[in-house]
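One structure below.
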Amino acid sequence: MTLVIFYLIFAFSLNYIFTKYQILSSHSGSNHQRFANDAVTLSGGILLFLPSLIIFFKFGMIFTICLSLLFFLGLLSDINYLFRPKLRLLYQFIILASFVLNLKLQVFPTRIDFIDNNFHNTFLSYFFTIFCLLVLINGSNFIDGLNGLLLGYTIIQFFFLIKLEIISLSGIDLTFYYYFIFILIFILILNFFNFLFLGDNGSYALSFLIGYNLIAIYNNSTYVSPYFIILLLWYPCFENLFSIIRKTVSKNDPLDADNKHLHHYLYVFIKKKLKVSNLFANNFTSILINLFNFVIFYLGSNYYNLTYVQLWIIIFCITIYFFTYYILKELTDKNI
C-alpha cells in the first residue's frame with residue numbers, strides 16, 4: 001500500500017508539473033492528439049517507464065537497456081527531434097537486433113512445417129523474431145491513435161495471462177504484475193480524461209514489454225499454442241501489416257502516417273452518427289474495439305493449447321476487420 005500511495009503522489013505531481021509548464025505537450029494534429037482541443041502532456045510514457053524498470057528488473061540488464069533505448073527513441077520522436085519514420089525504423093531495428101542476438105531470442109517452433117524447417121537456420125530465426133517485435137511496436141503505436149486503446153488492449157492481454165495462470169512462466173512474480181496492471185489502469189483513467197497521453201515513448205516501451213513477456217511465456221511453455229500468443233497480438237500486428245500493404249498498393253510510402261486506420265474510421269462514424277463530442281467518440285471507439293478483443297480473447301483462452309482453434313479465431317478476426325474497415329471507409333468517404 002505504501003508503494004501505491006508513493007506512486008500516486010509521484011504521478012500526480014509529475015503530471016501537474018508537465019501540464020503547468022507544458023513539458024512534452026502535444027497539440028492537435030498529431031496521431032491521437034488530433035482528438036484533443038488543447039495541449040496535452042505526453043507524460044504517460046514516463047509514468048509507465050520508470051516503475052517498469054523496477055517491476056521487471058529480473059528480466060536482466062540487457063532487457064533494461066533495450067527498454068530504455070526504445071523509450072528514449074520514442075521520446076526523441078515526441079519532441080520532433082527524430083521525425084523521419086525511416087530513421088526511427090532503422091534505430092528500432094538496431095536496438096532490437098542487438099537485444100535478440102545478445103539473448104539468442106527465438107520464437108520457435110511455429111508449428112508451420114515450412115517455417116520451422118527453414119528456422120533450423122539460426123539467422124532466419126533471429127531475423128523473424130526481430131521482425132515480429134518491429135511489427136508489434138509500430139502496430140501498437142498505430143492503435144495508440146485513440147485514448148485508452150493501447151492501454152486497454154494491454155490490460156486485457158495481462159488479464160487473460162493471469163486468468164490462465166501462465167503469466168508466471170515469464171519468470172516474474174505475480175505480485176509485480178498486479179502492481180503493473182494497477183499502474184496501467186491508473187494511466188488509462190487519466191488518458192480517458194485527456195490529462196495525459198502515452199506518446200511514442202510510452203507506446204514503444206509498453207509494446208516491447210508485452211512482446212518480450214509473451215515470448216518468454218511461450219518459450220518456457222510446452223502446452224501454450226504459438227497461435228494463442230499470435231491471437232493476443234493480432235490487432236496491433238495486423239493493423240501495421242495491413243497499413244503497409246494498403247499504402248504500397250496505393251503507391252504511397254508505407255512509413256508515412258495517415259488517418260486511414262480502422263479506429264479512425266470508426267471514430268468518425270460514431271462522432272457524426274451519434275453527434276457526440278470528440279472526447280466521447282474517442283473513448284467510446286476505444287471501448288468498442290477493446291470489448292470485441294475481450295470477447296475474442298475469452299474464446300481463445302478456452303482453447304489456448306489447440307492450434308487449429310486459434311487459427312480459426314484469427315481468421316475470423318481478420319475477416320471482421322476487413323468487413324468493418326471497408327464498410328466504414330465507404331460511409332466516411334460518403335460523409336455518412
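The values are calculated or read from the model by the stated rules, or taken from the named source; none is laboratory data. Bear in mind the structure is a predicted one, so any value in this text is a computation, not a measurement. Glycine gets a Cβ as well: all are built from the backbone with ideal geometry, and neighbour counts include every protein chain shown.
Being free of Cβ contacts under 8 Å to residues at least 60 places away in the same chain, over 18 Å from the mean Cα position of the chain (by Cα) and farther than 22 Å from L89 by Cβ narrows it down to one of S225, S301, S277, S250, so name that one.
Checking each option against the conditions leaves just S277.
Test of understanding: among L209, L196, which residue is within 20 Å of L151 (Cα to Cα) and touching a Leu at 6+ places or on another chain (Cβ under 6 Å)? Full working, then the answer.
Numbers: L209 fails: touching a Leu at 6+ places or on another chain (Cβ under 6 Å).
Within the list L209, L196, the selection yields L196.
Pairs needed: first member in the stretch 163-184, β-branched (V, I, T) and assigned to a loop (DSSP other than H, G, I, E, B); second member anywhere, surrounded by 13 or more Cβ atoms within 10 Å (Cβ to Cβ) and at pLDDT below 90; C-beta distance under 7 Å; at least 6 residues apart or different chains.
I166/S221
Before we move on, is I172 crowded, with 16+ Cβ neighbours inside 10 Å, under 27 Å from S277 (Cα atoms) and either out of contact with any Pro (no Cβ under 6 Å at 6 or more places or on another chain) or not charged (D, E, K, R) (or both)? Steps first, answer last, please.
Numbers: crowded, with 16+ Cβ neighbours inside 10 Å: yes; under 27 Å from S277 (Cα atoms): no; either out of contact with any Pro (no Cβ under 6 Å at 6 or more places or on another chain) or not charged (D, E, K, R) (or both): yes.
The answer is no for I172.
Mind listing whichever residues of the stretch 118-161 are free of Cβ contacts under 8 Å to residues at least 60 places away in the same chain and β-branched (V, I, T)?
Matches in the stretch 118-161: T122, I130, T154, I155.
Looking only at residues in the stretch 245-269 that are under 12 Å from L146 (Cα atoms) and outside any helix (DSSP H, G or I), which one is modelled with the lowest pLDDT?
In this case the residue turns out to be N259.
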